[in-house]
Structure formats: C-alpha cells, structure tokens
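Here's the structure, in structure tokens; my notes come after.
The values are calculated or read from the model by the stated rules, or taken from the named source; none is laboratory data. Being a predicted model, the structure only gives us computed values, none of them experimental. Cβ coordinates were reconstructed from backbone atoms using ideal geometry, including for glycine residues, and neighbour counts include every protein chain displayed. These accessible areas exclude ligands, DNA and RNA; they are computed on the full protein's heavy atoms, side chains included. Shrake-Rupley method; radii C 1.70, N 1.55, O 1.52, S 1.80 Å.
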Amino acid sequence: MIIKAKKSLGQNFLKDKNVLKKIADISLLDNTTELIEIGPGTGNLTDYLIKKNPKKIFLIEKDEKLSKYLKNKFFDKIKVINKDILKFFDYEIFNKNTIIIGNLPYNISSQILIKFILDNNFKYKALIFMFQKEMADRILAKVNSKNYGRLSILSNWKFDIKKLFDIKPSSFEPRPKVESSLLFFSEKVDKYHLKNPKSLELITRILFNQRRKKIRKSINNIFKKNNKIISDLNLNLDLRPQNLDIKTYCNIASKYNSHKIS
Ligand code: SAH
C-alpha cells in the first residue's frame, strides 16, 4: 500500500532509525507501563516503542486510511483508535502508568498540548511530544525573555519540562521546513492550585493580546477598575506582560475566578 503524506494532517513521517531508537530508549517505556501514541502515522515510531514491551498500546490516529493500515500491520496486539485527539474524551484508557508519545501534527500541536494542560481527567505518567523547534523554544521560555508568552506560562504552570533533543528536517519524509525538538513533560507535584485552569488561559490571552503594552489597561479591564481587588494583587502596573512570572499570572487568574466579575 502506498501512503502519500497529507499536508492537511501535518503528516511528516519520521524515517531516521537512529532517532526512532533514541526516542524509544528515552521513553521510560517498560513492561510496567502502558503506551498511548498520538498520530502514529505509518507506525514507524510504534515499531520501536513496541520493543520496550509496554503492557498495553493504544494508537490514536485521525486518518482513516492510516488507521486501517495500522490495524493490518499490528493485528490485535495493539488497539487502533480512529479519532481526532482534539475530540477524544475516552478517559478510561488513560492511567497513572500511561506514557503518551507523539510526533504531533505541527499545525495543531499547541492545541493538543493545551488540551492536556487544561483537562484534569487525563491520567498519565509523562508526555513526550515533538514540536517545531521554534514552538518548543516558546514552551520552554523563561520570564523576561522574548519568547515568553501564553504557552510558556500554561505549560510551566502544569509541568516540569525537559528538552530531550533536537531533530533535523532530514530525519523526516516529507521534510519539514524547520528543525524539531522533543520535549518531556511530567506533572508538577507542587503546582499552584487553580480551581479553574481555564481562567489562566483567559487571563494570559487578554494580557498577551497587548504584548508590548503596559499591563495597566488590561488589568483595569479584567477587574472593571475595581481598585480594591487590583491593589490586593500588589502588581506593578507599569510592567509588560512578559515581565510577570507564572505565580503572578496564577494569582491574577485565581482572583479573577473568585470574584467572577462580569
Ligand atoms: N508518528 C508518525 C507520524 C507523525 S505525522 C511518525 O513519526 O512517523 C502526524 C500524524 O498525526 C499523522 O499520522 C496524522 O495523520 C496524525 N494526525 C493529524 N491530526 C490528528 C488529530 N487531530 N488526531 C490524531 N492524529 C492526527
């Protein structure tokens, strides 16, 4: 069967055997863990991950043709789920020993990550996701740096994140235009407790919409100029969005949530 890569589904298949092996070796998979792979494509990476003998393997693949191909390739050793990960809510296949791995479709990779950040019903031990390097840099960015933004705040609120390694365009077929990076995410044990994590998404969206402006105006808008609430937050309103650390964003989000100003 000839598989032609679909651009619309972000299909760049990993071909480099050294890279595939390296990912499997670093994956923490063994016979005590389970695997969920997102966007397995033709199963190139799956072939290497299987060798680690995970207890169960689920593949979530949106492309119907590829799903059929994978079912044929792996028989019933592996459960192939022909669904869109962004619309996937079958929480029962996830548990605390699950490792979720994906060479993600780059056009929706940040949406996929945000889904795992905001939805508390997913259980897992770790996520290992591939991104375009430029997006990985934004995820990893620290406060006061040029790349620091919504994605850095949301990701680092929830996860301890490590960069595993970069991958060259020549390792893929078809070749993407840019370099890729593989990141490892494990949930922070001491993360700031937010009753409603969506409020952090909202607050960061409002503030970073005015990326270069002082935060004064946005904060006034968010809290409808309620001076008492604003002064309780103890903010320097002359700062700009990239100068506030994650804890400060969480303080603003939780204040917003508890006052529900509408
Ligand atoms: N992991 C494979 C393929 C990566 S390409 C490899 O490394 O070779 C990205 C894969 O994600 C493609 O197979 C594509 O069909 C699939 N995909 C795209 N959008 C998806 C979605 N919304 N949900 C699940 N899979 C998706």
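List of remarks:
Yes/no per residue for (1) within 14 Å of the ligand (Cβ to nearest atom); (2) without any contact (Cβ under 8 Å) to a residue 12 or more places away in the chain; (3) surrounded by 14 or more Cβ atoms within 10 Å (Cβ to Cβ); (4) over 25 Å from LYS56 (Cβ atoms):
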site	(1), (2), (3), (4)
PHE89	yes, no, no, no
GLU92	no, yes, no, no
ILE114	yes, no, yes, yes
LEU118	no, no, yes, yes
ALA141	no, yes, yes, yes
ASN156	no, no, yes, yes
LYS163	no, no, yes, yes
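- Taking (1) open to solvent by less than 20 Å² (accessible area, probe 1.4 Å); (2) within 16 Å of the ligand (Cβ to nearest atom); (3) of a type outside the set (Phe, Trp, Tyr); (4) within 24 Å of THR32 (Cβ to Cβ) in turn, THR98 satisfies each apart from (2).
- Residue within segment 195-204 that is in contact (Cβ under 8 Å) with a residue 60 or more places away in the chain, within 22 Å of LYS133 (Cα to Cα) and under 22 Å from the mean Cα position of the chain (by Cα) present: no
- The set of residues from segment 171-193 being small (Gly, Ala, Ser), in a strand (DSSP E or B) and open to solvent by less than 30 Å² (accessible area, probe 1.4 Å) comprises SER180, SER181.
- All positions within segment 11-33 that are open to solvent by less than 20 Å² (accessible area, probe 1.4 Å) and either in a loop (DSSP other than H, G, I, E, B) or within 7 Å of the ligand (Cβ to nearest atom) (or both): GLN11, LEU14, SER27, LEU29, THR33
- Count of segment 209-250 residues, restricted to those that are modelled with pLDDT of 95 or more, open to solvent by 60 Å² or more (accessible area, probe 1.4 Å) and under 20 Å from ASN144 (Cα atoms), is 11.
- Qualifying position, being open to solvent by 10 Å² or more (accessible area, probe 1.4 Å), in contact with a helix residue (DSSP H, G or I) (Cβ under 9 Å, 6 or more places away or on another chain), among the hydroxyl-bearing types (Ser, Thr, Tyr) and under 19 Å from LYS83 (Cα atoms), among THR46, THR42: THR42
- Among the candidates LYS62, LYS73, residue that is touching a helix residue (DSSP H, G or I) at 6+ places or on another chain (Cβ under 9 Å), part of a helix (DSSP H, G or I) and charged (D, E, K, R): LYS73
- Number of the exception - ILE36 against (1) open to solvent by 10 Å² or more (accessible area, probe 1.4 Å); (2) more than 8 Å from the ligand (Cβ to nearest atom); (3) not in a helix (DSSP H, G or I): (1)
- Residue list for segment 194-217, filter: assigned to a helix (DSSP H, G or I) and touching a Lys or Arg at 6+ places or on another chain (Cβ under 7 Å): THR204, ARG205, PHE208
- Tallying residues that are over 16 Å from the mean Cα position of the chain (by Cα), of a type in the set (Val, Ile, Thr) and in a strand (DSSP E or B) within segment 76-104 yields 2.
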